[in-house]
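J.: The structure that follows is given in the form of structure tokens.
The values are calculated or read from the model by the stated rules, or taken from the named source; none is laboratory data. Note that the coordinates shown come from a computational prediction; the quantities given were computed from them, not determined experimentally. Virtual Cβ from ideal backbone geometry, glycine too; neighbours counted across all protein chains shown.
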Amino acid sequence: MQLAFKEKILEDQHANFFMTIFWTALMDFTPVRTQFPTLTQTFNGYPLCYLDTAATSHKPQRVLNAMTQFYLKNNANVHRAAHQLSSQATRQYEAVRDQVMDFIGAQHREEVIFTHGTTEAINMVAHGLTQYIDSGELILVDSLAHHANIVPWQVLAKQTGAIIKPIPLTKEGRLDLLAYDALLKQKPTIVALSHVSNALGILNPIETLVAKAKAVNAITLVDGAQAVAHMNINVQQIDCDFYAFSGHKMYGPTGVGILYGRLEILDSLNPLITGGEMIKSVTFEKTVYNTLPNRLEAGTPPIAEVIGLGEAIAFLNDIPAIEKIYHEKELLQYLQDQLKAIEGIILYGAHPDNIGAVAFNLHNEHHQDVGVLLDQQAIAIRCGHHCAMPLMQTLNIKGCCRASIGIYTNKQDIDCFMTALNNVITLLH
Amino acid sequence: MDQDLFLQIPLDSKQIIELFTQATNWQERYRQLMLLGKQLPRLPQEQRTPQAQVQGCESDAWLYHCQYNRQHYYLGDSDARIVKGLIVLLLAAFNGKNTDEINAFDHDDYFEHLGLSGQLSPSRTNGLHALIKVIKYYANAQIKS
């Protein structure tokens, strides 16, 4: 509601002038940035300029505090509430499930499974569906996908004889919708998509893609790792069967992630990991699994990390949606514009609606050289294949540089980065 | 392979350290490093083989070895400029040395002197560690020449 309203305002030419003033003020964004202690460091005398949020985000103090407080006060194992401490820990842990449910607009709390990250979440789905897949069945995989959304399907295909086909890209780096329609005519069983490309920052028209897949009765999984910190997610609106994301890319701790699954299909998954917590009864002859969500959360979960994730969600919820979205939108546009102005730079799939990241190379220069020389100036970016080798092959490159932003990034970071990049160019010439 | 290629880096580690001591900031150090890299003869395409490739580098790097009597000689190349420079530093330190000298060489100290110790961390993807490992492996392998 708030979003639709804002978009309407932005279309209004008169309002644009005031918005510009507003954004300029926002781009400095001091109150949010000061909550991130890691960002105040210097390296080699240069202030840290962190443009690698797509790899992992920094954590606000309140997330660190929440985790410390858990260990100081409530530390106990969950779901074994024989004593008050455990009861407290369980309450706190389960409250985060409700928070996540609200955060992504899930219908039931049982649809939210705590995992160790996106990779594990996708593995859980691929493994969990294996018994239902027959030889020759088709799995479509987004060509923009991270390896985490490719390899589990390959394993599934190898075990079942299913066939994987990539959904091709247009030369602009977007998914080729015509080719996608043609592939859907072959009635795939599973369609694995990314919400936002980790390597290029390209935003997929996810609702359209899922609707088309559902029209041919395909099971849909969306890798939301690069989307969740940057935009509002509503899994019911996306209407996917599964949605996976990580805590550490959304200002939460490492070691925790979420698998959302539509209740009926989630309940049908064969557990990837078995053991404690997910069990109702065990004899040496027969084991009966617990119900959701515990059925898919074997072993002691990352309790403190879940608490930290809850605090990260509270942190994100405290930032008005308008700031969250337009601060980054404005900054990314600024970054793209600054880069485009450099002679001899190659940008990959840089569109105005991209989210969080921009990928580039300097003509005839190795991305690693650029990365090392930027690092000397305390600019943290990622250089490499970004765990998306098939995408690099499609682009016909070995790798590239990726600068990515977060809620704490400010205009000064981008300016620092551009100065440093110009220094690199001077050095390389 | 043309064996003369193995002798094309005339510098030794002392001369390299001297060059780097003159550099007063990171820009000069890395400029020097890349200039050194340019001295390295480019390996022809047919020698950029998977067999010669050093695993563990983000860029592609290839390393060849030969032995005259007890002395080891290396030749390498990379598609990244800084790694090429790092290869020259390694060749200057190791070329013409025998196995004992290669094993005894304190590369941590060497890179510390060059002001490049930041490049040495095993977590770096420049492959310096991998290159040193391969150099030492060759030096210790029983190779008949």
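J.: Checking residue A:19 against (1) at pLDDT 95 or above; (2) more than 18 Å from residue A:416 (Cβ to Cβ); (3) surrounded by fewer than 20 Cβ atoms within 10 Å (Cβ to Cβ); (4) not assigned by TED's automatic domain parsing to the domain that holds residue A:246, which single condition isn't satisfied?
T.: Among (1) at pLDDT 95 or above; (2) more than 18 Å from residue A:416 (Cβ to Cβ); (3) surrounded by fewer than 20 Cβ atoms within 10 Å (Cβ to Cβ); (4) not assigned by TED's automatic domain parsing to the domain that holds residue A:246, the lone unmet condition for residue A:19 is (1).
J.: Mind checking which residues of the stretch B:75-126 are surrounded by fewer than 16 Cβ atoms within 10 Å (Cβ to Cβ), within 14 Å of another protein chain (Cβ to nearest Cβ) and farther than 21 Å from residue A:424 by Cα?
T.: B:121, B:123
J.: Give, as residue ranges, the helices (runs of 4 or more DSSP H) completely inside the stretch B:23-139 that count at least 3 residues that are within 27 Å of residue A:378 (Cβ to Cβ).
T.: Helices (runs of 4 or more DSSP H) meeting the threshold: B:26-39, B:81-94, B:107-113.
J.: Taking the stretch A:281-299, which residues are surrounded by fewer than 16 Cβ atoms within 10 Å (Cβ to Cβ) and in a loop (DSSP other than H, G, I, E, B)?
T.: Those that are surrounded by fewer than 16 Cβ atoms within 10 Å (Cβ to Cβ) and in a loop (DSSP other than H, G, I, E, B): A:283, A:284, A:285, A:286, A:291, A:299.
J.: Could you list all residues from the stretch A:322-358 that are at pLDDT 95 or above, in contact with a helix residue (DSSP H, G or I) (Cβ under 7 Å, 6 or more places away or on another chain) and closer than 17 Å to residue A:196 by Cβ?
T.: The answer is A:331, A:335, A:347, A:348, A:350, A:352, A:354, A:356, A:358.
J.: A further question follows. If we only count strands (runs of 3 or more DSSP E) wholly inside the stretch A:342-429, which ones have 1 or more residues that are more than 14 Å from chain B (Cβ to nearest Cβ)? First the steps, then the outcome.
T.: Details: elements: A:345-348, A:357-362, A:382-384, A:400-404.
Ranges flagged: A:345-348, A:357-362, A:400-404.
J.: Confirm whether residue A:148 is in a helix (DSSP H, G or I) and without any contact (Cβ under 8 Å) to a residue 12 or more places away in the chain.
T.: no
J.: Here's something else I'd like to know. Would you point out which residue out of A:201, A:161, A:136 is at positive phi and surrounded by 14 or more Cβ atoms within 10 Å (Cβ to Cβ)? Show your work before the answer.
T.: Values: A:161 fails: surrounded by 14 or more Cβ atoms within 10 Å (Cβ to Cβ); A:136 fails: surrounded by 14 or more Cβ atoms within 10 Å (Cβ to Cβ).
Answer to the check: A:201.
J.: Would the stretch B:32-49 turn up any residue that is closer than 14 Å to residue B:138 by Cα, within 14 Å of chain A (Cβ to nearest Cβ) and either touching a residue at least 12 places away in the same chain (Cβ under 8 Å) or not basic (Lys, Arg) (or both)?
T.: Narrowing the stretch B:32-49 to residues closer than 14 Å to residue B:138 by Cα: none.
So far as the stretch B:32-49 goes, no, none of its residues is closer than 14 Å to residue B:138 by Cα, within 14 Å of chain A (Cβ to nearest Cβ) and either touching a residue at least 12 places away in the same chain (Cβ under 8 Å) or not basic (Lys, Arg) (or both).
J.: Evaluate the stretch A:303-313: report whether one residue or more is touching a residue at least 24 places away in the same chain (Cβ under 8 Å), part of a loop (DSSP other than H, G, I, E, B) and either surrounded by 19 or more Cβ atoms within 10 Å (Cβ to Cβ) or more than 14 Å from every other protein chain (Cβ to nearest Cβ) (or both). Step through it out loud before you land on a result.
T.: Taking the stretch A:303-313 and keeping what is touching a residue at least 24 places away in the same chain (Cβ under 8 Å), we get A:303-313.
Remaining after also requiring part of a loop (DSSP other than H, G, I, E, B): none.
Within the stretch A:303-313, not a single residue is touching a residue at least 24 places away in the same chain (Cβ under 8 Å), part of a loop (DSSP other than H, G, I, E, B) and either surrounded by 19 or more Cβ atoms within 10 Å (Cβ to Cβ) or more than 14 Å from every other protein chain (Cβ to nearest Cβ) (or both).
J.: Suppose we filter the stretch A:180-222 for residues that are of a type in the set (A, V, I, L, M), within 27 Å of residue A:332 (Cα to Cα) and in a loop (DSSP other than H, G, I, E, B); how many remain?
T.: So the count comes out to 3.
J.: How about the stretch A:224-280: which of its residues are part of a strand (DSSP E or B) and hydrophobic (A, V, I, L, M, F, W, C)?
T.: Of all residues in the stretch A:224-280, those part of a strand (DSSP E or B) come to A:242-246, A:257-261, A:279-280.
If the condition is that a residue be part of a strand (DSSP E or B) and hydrophobic (A, V, I, L, M, F, W, C), then A:242, A:244, A:245, A:258, A:259, A:279 are the ones that fit.
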